[in-house]
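**Student:** I have a structure I would like to understand better, so I am pasting it below and will then ask my questions one at a time.
Just so it is clear, none of the values below were taken in a lab; they were calculated from the coordinates. None of the values given here were measured: they were computed from a predicted structure. Here Cβ is always computed from backbone atoms with ideal geometry, including for glycine, and neighbour counts include all displayed protein chains.
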Amino acid sequence: MSLVDQIDALLPQTQCTRCGYDGCRPYAQALADEATAVNRCPPGGARAIDALAALLGRSALPLDPACGSEADPGVAWINPEACIGCARCLPACPVDAIIGAQRYLHTVLERACNGCELCIASCPVDCISMQPRDAAAPAPAPEQNRRHYEAHRARARRRYAARSALLAERKRAAQPPDALPSQ
């Protein structure tokens, strides 16, 4: 297992970007490259900082306050009276914890929400807020977060490929017959 894989395995896989990187894997790469400090992961907290420091042979530092707090942010909640169904929150959620469709009310699957807060900024009507997590519904484990994130990325790649193929076909169909390549 590479050093980046070992580091990535110690991270909570929330993909929250609070560390300043685009997700857990880029942060793991930066740590392996010695380009950043071990104390930039609020969801991982002191436990992750200590584990990263031990793995990398560095000193454990307190969590960088510029990255946020170690406190569980809870789960996202969408106010049903304010949601306009714009669907901007759907691609922002790295674990597909938000369900809904364009022009329909959206809701959050509490058991899948990892508390990353990325959906909040995407909402144009500010109808998303963080609520305390139900004690009976613990936050998803890193393995679940990783599985959901990988599924989210795979769906995005398939959507992009399908959209690209559709646009290419439309461009081809829009060409005048004399401009089409002869066979």
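**Student:** Report, as a whole number in µm² per second, the diffusion coefficient that Stokes-Einstein gives for segment 32-75 at 20 °C and 1.002 mPa s using the Kirkwood radius over alpha carbon pairs.
**Tutor:** In µm²/s, the coefficient is 200.
**Student:** Which of Ala87, Ala101, Ala165 ends up with the largest GNM mean-square fluctuation for the chain, with Cα atoms connected below 10 Å?
**Tutor:** Residue with maximal mean-square fluctuation among Ala87, Ala101, Ala165: Ala165.
**Student:** Let me ask something else about it. Which Rg and Dmax, in Å, describe the Cα atoms of segment 72-171?
**Tutor:** Cα-based Rg and Dmax for segment 72-171 come out at 15.0, 53 Å.
**Student:** Can you give me the angle between helix 45-56 and the longest principal axis of the chain, using Cα atoms only, in degrees from 0 to 90, rounded to the nearest 10?
**Tutor:** It works out to around 90 degrees.
**Student:** Within 10 Å, at most 10 other Cβ atoms, and a DSSP state outside H, G, I, E, B define an exposed site. Report the longest part of the chain free of exposed GluC sites (Glu not before Pro).
**Tutor:** 82-183
**Student:** Suppose R0 equals 35 Å. What FRET efficiency, 1/(1 + (r/R0)^6) with r the Cβ-Cβ distance, do Ala151 and Glu34 give to the nearest 0.05?
**Tutor:** Here the calculated transfer efficiency is 0.65.
**Student:** Which trypsin sites (Lys or Arg not before Pro) in segment 2-60 sit in a loop by DSSP (not H, G, I, E or B) and have at most 16 other Cβ atoms within 10 Å of their own Cβ?
**Tutor:** The qualifying sites are Arg58.
**Student:** If each of Met1 and Thr107 carries a label point 7 Å out from its Cα toward its Cβ, how far apart are those two points in nm?
**Tutor:** Distance between label points: 3.8 nm.
**Student:** Evaluate Rg over Rh across the chain, taking Cα atoms for both radii and Kirkwood's formula for Rh.
**Tutor:** Here the Rg-to-Rh quotient is 1.10.
**Student:** Let me ask something additional. If N is the number of residues in segment 1-107, what value comes out of its Cα radius of gyration divided by 2.2 N^0.38 Å?
**Tutor:** Here the Cα radius of gyration is 1.28 times the empirical estimate.
**Student:** Pull up all non-local amide H partners of Val75: gap of 5 or more, or a different chain, and H-to-H distance under 5 Å with H placed in the peptide plane.
**Tutor:** Gln131, Arg133
**Student:** If I stretch the segment between Cys86 and Leu166 completely, what's the gain in nm (0.36 nm per residue apart, minus their alpha carbon distance), one decimal?
**Tutor:** Length difference between fully extended and current span is 26.5 nm.
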